[in-house]
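Since the structure comes first, as structure tokens, the remarks are kept for the end.
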Amino acid sequence: MEPAVKRDERILIIDEQSLSQSYLRYALDQLGYQNISYADRAQTALGLCKQNRYDLIVCAYNLPKGKDGFQLFEELKNSGLQKLSCGVIFISAETDPALVHSVLELQPDEFLAKPFVIRDLQQRIERVLKRKQQLRVVYDLLEQHQYDSALQVINQQLSQPELHKLFPLLLKLKGDILLQQHAYGDAFVFFQAMLQIQPFSWARIGKVHCLLHQQEEQQAFTELEQMLARSETRLFALDCLSELEFRQQRYQQAQQHILTAADIAPRNLLRQQKLLQLSRLNHDYEIQYRAARDMLKFARNSVYEQPDLYLNMARASIDLALSSEDSEQQYRLNRQATLSLNTVQQQFKQRSLSEPQQVLQARLLYLQDHREKARSMLAELETDTPFTSLEDALDKAKALHEVGLTDASRQLFQQIIQHCRLNQAEPVFSAYLQQEQQERERMPQGPRELNNNAVHLYQHGNWQEAFSAFVMAAQVMPRNAGIALNLLQTLLTAPRPLCADAQRDSLLQQCQQLINSSKLKTDQQERYLQLKQKYLSELPA
């Protein structure tokens, strides 16, 4: 057997298992590669990538002590340590679809499941390195943002028949450049032409980008509906549909699309952040909690692990606890919020509580029925400090309202709104801010007292006021079955009509659907059965 021709490409192998490293070393040696570096953990790999420029990185998912392979690959890609001319082969013994889809979103050149045979690895290494070498000039120009020069080289290569195997990738790169140059008219014509040749997924995606930038939303919507059926375009379609639904103020549909996408590829933190924001807008505190938890889970040990993630976890825990009637769940959420706040201090070595942490401590006191202590703590905080975080400021405004400092809350809401107008805040946050401000303006008490006050009004025969209070409580806590039951009882037992017939029928149906899909307490279940027996003819079928 003839010895392999010596190769000088620089290759980095990142794998914790010595057996796997030996396996890869043997495979590369058979191919003649001599310039190979090894790392068994993420920090070592990051250091090597800062010192060297590699032609190929083979990255394993399972890494010890700290970042996993996904987090490492994500950081290499987003920090620019992995150049466009450097190939990436991601290998993993774990093939859970959620991980695979998350990795594929980062667009490695190859994904290889363990165990694999050497011949398969060799073929992929050769294919990736050859492709990167042939396109090195284009990639270098793209790194320098010299898009016109890159287009010239691409057009030259497209005229060379011997490079026909590269044509699909060259055409994709051409479409990407047209989008980078914001040449949406030319790009649309180009993508249309490509789709006449072959239904490339990248051409479908590029076409939708053009339609969205040209405000052709209805046509984009039609294209996206078709793209949902294709696995390679489904995530993109779900993200775009969520955005389109949000623009039309169909917030429930927007949340459902982004929730489906997050279920498919949960490690995309920007998507989880969007899910958190939309769920708040829909008062879906359970999904808000889930999104905050998943963001913290997948960011832990990564470059994205910041105090704000723990603060968001505490906020989501408190918001969910305030909407819950389950004392055990409230206790667990209370502990989770406390743990998150303690972690911020310990992990980020803070000597004293920051204002956002003090606000959350006050909200915890309010959750634990120590309203006056919470009020005193909030009253001592500065009222004219400049904004460092819109989330922190909004949480403070909510906390002030909850403890009855309504004037201070109202003033802070106005300051936040003015700040957003001047600085063009993110649209979903702006919508949530406006909703919170309007709802709390109509709520004389915090959410914890809202239902209790409505019950008091009902017991004293103030039917209309009780009805209005229960409707507001149901709006703020739409998944609280106890509130739904109270509203149902008010509608059925009131001696006179409290609203138009159409609204009454709609509210009765909504209440009954929620109650039937929830687990009621024993006394609530008995009350519901009594209402059904007495008012069966009035309830929706």
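The values are calculated or read from the model by the stated rules, or taken from the named source; none is laboratory data. Since the model is a prediction, treat every value here as computed from it, not as a measurement. Cβ placement follows ideal geometry from the backbone for every residue including glycine, while neighbour counts extend to all protein chains displayed.
Quick look at the values:
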item	result
Residue count for segment 434-488, restricted to those that are in contact (Cβ under 8 Å) with a residue 40 or more places away in the chain and farther than 25 Å from TYR289 by Cα	1
Restricting segment 24-68 to residues that are farther than 14 Å from ARG7 by Cα, part of a helix (DSSP H, G or I) and touching a residue at least 40 places away in the same chain (Cβ under 8 Å), the residue that is farthest from the chain's Cα centre (by Cα)	TYR26
Failed item in (1) over 30 Å from LEU46 (Cα atoms); (2) outside any loop (DSSP other than H, G, I, E, B), with ASP384 passing the rest	(2)
Selected residue [buried (at least 18 other Cβ atoms within 10 Å of the Cβ), among the small types (Gly, Ala, Ser) and touching a residue at least 40 places away in the same chain (Cβ under 8 Å)] from SER279, SER242, SER317, SER302	SER302
Residue in segment 297-318 that is of a type in the set (Asp, Glu), part of a helix (DSSP H, G or I) and over 17 Å from the mean Cα position of the chain (by Cα) present	no
Subset of segment 229-239 (residues that are crowded, with 16+ Cβ neighbours inside 10 Å and either more than 12 Å from the chain's Cα centre (by Cα) or not in a helix (DSSP H, G or I) (or both))	THR233, ARG234, LEU235, PHE236, ALA237, LEU238
Entirely in segment 392-473, the helices (runs of 4 or more DSSP H) that have 1 or more residues that are surrounded by fewer than 16 Cβ atoms within 10 Å (Cβ to Cβ), assigned by TED's automatic domain parsing to the domain that holds CYS511 and polar (S, T, N, Q)	447-459
Residue in segment 483-526 that is surrounded by the fewest Cβ atoms within 10 Å (Cβ to Cβ), counting only those that are among the charged types (D, E, K, R) and farther than 23 Å from LEU322 by Cβ	ARG496
Residue check, GLN524 touching a helix residue (DSSP H, G or I) at 6+ places or on another chain (Cβ under 8 Å) and modelled with pLDDT of 90 or more	yes
Pairs with Cβ under 8 Å, 6+ apart, first in segment 328-344 and within 14 Å of PRO356 (Cβ to Cβ), second assigned to a helix (DSSP H, G or I) and β-branched (Val, Ile, Thr)	ALA337/ILE318
The lone exception for LYS77 - which of (1) more than 19 Å from LEU173 (Cα to Cα); (2) in a helix (DSSP H, G or I) it fails	(1)
